[in-house]
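One structure is given here, and the rest of the page talks about it.
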Amino acid sequence: MSDYYNARRTRNLFDPKSTEPFKVSRSKIDLFLNCPRCFYLDCRLGVARPPGFPFALNSAVDALLKKEFDIHRAKKRPHPLMQSYGLRDVVPFQHEDLELWRSNFKGIRFLHEPTNLLVTGAIDDIWTRDNGELIIVDYKSTSKVEKVSLDKEWQIGYKRQMEVYQWLFRQNGFNVSSTGYFVYCNGKTDREAFDAKLEFDIDLIPYTGNDAWIVPALADIRLCLMNEKVPSPAENCDYCNYRKAARDVQRP
């Protein structure tokens, strides 16, 4: 069994007595919004949720999309997908920090001084218009019969992800469009044979973000971390409900 399960984590924990900024990733913000108790157990007490299995195929799609868009970035020309959706004044954005912003362990950062929280996020891509306005882009991949959309309740996480990225770039002084795009790849299953090849339909889905919730959420996160009491579980948290059910069946 991995050491992950053998002991509580002792590093990267919030210390209410420390004056050092505490790093909060985009995913940790989403964790807090989904369940403050799971967030507190992770960031204050060092007991994280069990990790999910890596989505290797999704990662492969992301890597190939980045390579493809980088070809057009280097030549300062629009990708055909942009043109097919009428984005004729848009090209992939060139910047010396692009690879840093894409790095899962670094990303783009901003210290929110009122809460002393260092907010971070790793983006997939950035495009730009002729007027210099930036467009945040995120890659998604799936395989389903119906056409992809952002209509499912659980996809609120995708929308918040986009809004955090938009907020981070604004705080770093960039002019950012409120409309971002999801490059959504949907694996086709209606082919007669696999033939060692997986084909995709690719849709470009616009989303107009609103980052007004982020600063209040950071204030709530700070209050949560400073509290000595573990928060109540979210009603619909599968992890908290599992822990409760396991405790209940073990009681004499």
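Values quoted throughout were computed directly from the atomic coordinates according to the rules given, and no laboratory measurement underlies them. Note that the structure is predicted; figures quoted are calculated from it, not measured. Ideal geometry is used to build each Cβ from the backbone, glycine not excepted, and the neighbour counts take in all protein chains shown.
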**OP:** Please give the residues of the stretch 53-97, grouped as numeric ranges, whose backbone N is less than 11 Å from a label point set 7 Å along the Cα-to-Cβ vector of TYR242.
**Re:** 53
Original post:
What is the distance in Å between the Cα centres of the stretch 205-239 and the stretch 75-106?
Top reply: 30 Å
**OP:** Rounded to whole Hz and in sequence order, give me ³J(HN,Hα) for the stretch 133-150 from the Karplus expression 6.51 cos²θ - 1.76 cosθ + 1.60, θ = phi - 60°, writing x for Gly and Pro.
**Re:** 5, 8, 10, 7, 10, 10, 9, 9, 9, 7, 8, 8, 6, 6, 5, 5, 7, 10
Original post:
Can you give the extra length, in nm with one decimal, that the chain gains between GLN155 and GLU20 once fully stretched, where that is 0.36 nm per residue apart less the Cα-Cα distance?
Top reply: 45.3 nm
Subject >> ³J(HN,Hα) computed for each position of the stretch 50-57 - Karplus, 6.51 cos²θ - 1.76 cosθ + 1.60, integer Hz, glycine/proline x >> reply: x, x, x, 6, x, 8, 4, 5
Subject >> Partnerless Cys - the chain, beta-carbon criterion under 4.7 Å >> reply: CYS43, CYS185, CYS224
Original post:
What is the calculated FRET efficiency for PHE105 to THR189, with r their C-beta to C-beta distance and R₀ = 30 Å, to the nearest 0.05?
Top reply: 0.30
Subject >> In the stretch 113-152, trypsin sites (Lys or Arg not before Pro) in a DSSP loop with at most 14 other beta-carbon atoms within 10 Å >> reply: LYS144, LYS147, LYS152
Original post:
Taking R0 as 25 Å, what's the FRET efficiency between LEU118 and ARG170 from their Cβ-Cβ distance, rounded to 0.05?
Top reply: 0.95
Original post:
What is the helix-to-structure angle for 156-171, meaning the angle in degrees between its Cα long axis and the longest Cα principal axis of the chain, kept from 0 to 90 and rounded to the nearest 10?
Top reply: 80 degrees
**OP:** Taking H placed 1.01 Å from N in the peptide plane, check which residues at least 5 places from THR128 or on another chain put their amide H under 5 Å from its amide H.
**Re:** VAL91, PHE93, ILE135
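So how much slack lies between ARG8 and GLN94, counting 0.36 nm per residue of separation and subtracting their Cα-Cα distance, in nm? Walk me through the numbers on the way to the answer.
On the way: separation 86, 0.36 × 86 = 30.96 nm, distance 4.16 nm.
Length gained, ARG8 through GLN94: 26.8 nm.
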Subject >> the stretch 115-204: chymotrypsin sites (Phe, Trp or Tyr not before Pro) in DSSP loop, at most 16 other beta carbons within 10 Å >> reply: PHE194
Original post:
Helix 214-226 versus the longest principal axis of the chain: what is the Cα-based angle in degrees, 0 to 90, to the nearest 10?
Top reply: 30 degrees
Subject >> Positive dipole terminus of the stretch 1-145, leading residue within PRO36, ALA63, THR19 (C-beta point charges) >> reply: PRO36
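Could you tell me which chymotrypsin sites (Phe, Trp or Tyr not before Pro) in the stretch 1-103 are loop residues by DSSP with no more than 13 other beta carbons within 10 angstrom of their beta carbon? It would help to have the intermediate numbers written out before the result.
Values: sites: TYR4, TYR5, PHE14, PHE22, PHE32, PHE39, TYR40, PHE55, PHE69, TYR85, PHE93, TRP101; in loops: PHE14, PHE55, TYR85, PHE93.
Loop-located and lightly packed - PHE55.
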**OP:** List the residues whose amide H sits under 5 Å from the amide H of ALA234, counting only those 5 or more places along or on another chain, with H placed 1.01 Å from N in the peptide plane.
**Re:** ARG37, CYS38
Original post:
To the nearest 10 degrees, how steeply does helix 238-250 sit against the main Cα axis of the chain, on a 0 to 90 scale?
Top reply: 30 degrees
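Antiparallel as a % of all DSSP beta bridges within the stretch 19-245, to the nearest 5?
Values: 21 of 32 bridges.
The antiparallel fraction comes to roughly 65 percent.
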**OP:** Mind giving me the nanometre distance, one decimal, between the label points for THR142 and LEU57, set 7 Å out from Cα along Cα→Cβ?
**Re:** 1.4 nm
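Can you pick out the pairs among LYS159/LYS229; LYS106/LYS244; LYS75/LYS140; LYS144/LYS229; LYS159/LYS244 whose Cα atoms lie more than 32 Å from each other? Present the calculation step by step, with values, prior to reporting the outcome.
On the way: LYS159/LYS229 30 Å; LYS106/LYS244 35 Å; LYS75/LYS140 25 Å; LYS144/LYS229 43 Å; LYS159/LYS244 30 Å.
Distance filter (> 32 Å) returns LYS106/LYS244; LYS144/LYS229.
May I ask you to compute the full-extension gain from LEU64 to THR179, defined as 0.36 nm times their residue separation minus their alpha-carbon distance, rounded to one decimal in nm?
Numbers: separation 115, 0.36 × 115 = 41.40 nm, distance 2.40 nm.
The LEU64-THR179 span can extend by a further 39.0 nm.
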Original post:
So which aspartates and glutamates pass the test for LYS23, namely a Cα distance under 14 Å, with those fewer than 8 places away in the same chain ruled out?
Top reply: ASP15, ASP42, GLU113
